[in-house]
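Report on the following structure.
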Amino acid sequence: MKEKVTFTSSPLGKKMLRIILIAGLSILALSFFIPRKAAFDVNMFDTYHILSKRTFYHATGLYLLLCCLVYRINGRTPFLNRLAVAHLLLTLVPVIYVLGRIGGFNSEEAFITPAADNKVFFLLTIVFIAGQALLLLNLVIGAIRLSGRKS
């Protein structure tokens, strides 16, 4: 009986992991070129959030590297390819949009989100959280499938 190829050793998995690794390292490297005083604010409902652009870039780059590390550490786990690809896309699309929208390289002035963008940021936050739920679901399903294969 032929052994199934795991996600991290499949061609698709290798490409997706390279993409997320390159994105994480690029975002982390770009974060060092952002002025320290640069900030952006998001007004969600009645709450007004002010965040440092540099810290946001640091956190995003480190989180993407952490996702890559999770997939690498669990390399033998039989992930569902569709869930893994959906997780990576639902993670990268909101991150790239938000980072591109807030910018941060040319000024130290705060980026104030227009009212229309607040709804988009809220929707992208929900999409990002759903992507992370897919990672957890994939880890649980992979662990169940791995334990069923050994017995």
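Residues in the stretch 59-96 that are in contact with a Phe, Trp or Tyr (Cβ under 8 Å, 6 or more places away or on another chain) and either in a helix (DSSP H, G or I) or modelled with pLDDT of 85 or more (or both): Tyr71, Asn81, Ala84, Leu90, Thr91, Pro94, Val95. Restricting attention to the stretch 1-23 and to residues that are not basic (Lys, Arg) and not in a helix (DSSP H, G or I), the residue that is modelled with the highest pLDDT turns out to be Ser10. Annotation note: of Phe40, Phe56, the sole residue that is outside any loop (DSSP other than H, G, I, E, B) and modelled with pLDDT under 85 is Phe40. Looking at this structure, is Tyr48 outside any strand (DSSP E or B) and either at pLDDT below 90 or surrounded by 15 or more Cβ atoms within 10 Å (Cβ to Cβ) (or both)? Considered against the rule, which asks whether it is outside any strand (DSSP E or B) and either at pLDDT below 90 or surrounded by 15 or more Cβ atoms within 10 Å (Cβ to Cβ) (or both), Tyr48 comes out as no.
Close contacts from the stretch 124-150, counting a first residue that is within 15 Å of Val93 (Cα to Cα) and a second that is modelled with pLDDT of 85 or more and of a type in the set (Val, Ile, Thr), with Cβ to Cβ under 7 Å and a gap of 6+ residues or different chains, come to Phe128/Thr91; Gly131/Thr91.
The values are calculated or read from the model by the stated rules, or taken from the named source; none is laboratory data. Nothing here was measured: the structure is a model prediction, and the numbers come from that model. Note that each Cβ is placed from the backbone with ideal geometry, even for glycine, and that neighbours are counted across all protein chains shown.
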